[in-house]
1. Working carefully through the options Phe159, Phe83, find the one that is surrounded by 15 or more Cβ atoms within 10 Å (Cβ to Cβ) and either of a type in the set (Phe, Trp, Tyr) or within 16 Å of the chain's Cα centre (by Cα) (or both).
2. Since Leu50 meets every condition but one in (1) surrounded by 15 or more Cβ atoms within 10 Å (Cβ to Cβ); (2) in contact (Cβ under 8 Å) with a residue 40 or more places away in the chain; (3) not polar (S, T, N, Q), which condition does it not meet?
3. Limited to segment 95-118, what total is found for residues that are open to solvent by 80 Å² or more (accessible area, probe 1.4 Å) and under 24 Å from the mean Cα position of the chain (by Cα)?
4. Which members of segment 53-80 meet the condition of being open to solvent by 80 Å² or more (accessible area, probe 1.4 Å) and over 19 Å from the mean Cα position of the chain (by Cα)?
5. For Ala37, which of the numbered conditions (1) modelled with pLDDT of 80 or more; (2) among the small types (Gly, Ala, Ser); (3) exposed (fewer than 10 other Cβ atoms within 10 Å of the Cβ) fails to hold?
6. Consider Leu152 against the criteria (1) free of Cβ contacts under 8 Å to residues at least 40 places away in the same chain; (2) within 16 Å of the chain's Cα centre (by Cα): it satisfies all of them except one. Which criterion is unmet?
7. What about Ala80, is it under 24 Å from Gly124 (Cβ atoms), among the small types (Gly, Ala, Ser) and at pLDDT 90 or above?
Amino acid sequence: MCSSDLDIRLDSEAAVRFVRHLCERMVTDNGHSLSHAFAGYVPKTMFVFLPLVAGILALLYRRPKRFYVEHLVLVLHNHAAAFAAMTITRVLHVVAIAAGAVGLGSLQGGIDWLHNSLELVLLGYVPWYTYQSLRRFYGLSSSATWVRLIPLGMAYFLFLCITFGATFLLTAWLT
């Protein structure tokens, strides 16, 4: 397959050819074409992923009775807030690179520190924001929200792994 220490046993000869071809393509350009194609498919993946998460919300919050689209709007809102926060850190990262490129090394260090600090803050902000939005939107107590937030987080992670894994396989197959 890709290297001699990688031991993958595939029964199907077609699967072996697929993996071999994928490895050869990744070695040719260090995975850049696959990475670029994958990044192009991620927004399309969200059209599958977000409705799945909204479905879990609909199951976890059956009372009071709400329409599915209300759960979907909440999921879209939470993702928009998270992506807005991540955009700010990404812009800071690009500004730091630009500062280094034009010879402003001392400014680059400060911006890098701010960028890294904001990324660390995001690790706490996104779950906190999600918790607060669920609590306010559904009007439940803190403990009732936590009881639902834990399985929601687990389902979110599971669906994220499944959809991104399927996206990777689709990307590898189509590119």
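The values are calculated or read from the model by the stated rules, or taken from the named source; none is laboratory data. All figures in this text were calculated on a predicted structure; none of them were measured in a lab. As a convention, Cβ positions derive from the backbone with ideal geometry for all residues, glycine included, and neighbour counts pool all protein chains shown. In case anyone asks, the SASA skips ligands and DNA or RNA and just uses the protein heavy atoms, side chains included. Shrake-Rupley method; radii C 1.70, N 1.55, O 1.52, S 1.80 Å.
1. Going through Phe159, Phe83 in turn, the sole match is Phe159.
2. Every listed condition holds for Leu50 apart from (2).
3. So the first thing to find is which residues in segment 95-118 are open to solvent by 80 Å² or more (accessible area, probe 1.4 Å), and the list is 97, 101-102, 104, 106-107, 113, 116.
Those still in the list that are under 24 Å from the mean Cα position of the chain (by Cα) too: 97, 113, 116.
Selection size over segment 95-118: 3.
4. Residues satisfying the conditions are Leu59, Arg62, Arg63, Lys65, Phe67, Tyr68, Val69.
5. Here Ala37 meets the rest and fails (3).
6. The number of the failed condition is (1).
7. yes
Listed here are the residues, each with its yes/no results for (1) under 29 Å from Tyr138 (Cα atoms); (2) assigned to a helix (DSSP H, G or I).
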| site | (1), (2) |
| --- | --- |
| His36 | no, yes |
| Ala39 | no, yes |
| Leu52 | yes, yes |
| Arg62 | yes, no |
| Phe83 | yes, yes |
| Met86 | yes, yes |
| Leu107 | no, yes |
| Asp112 | no, yes |
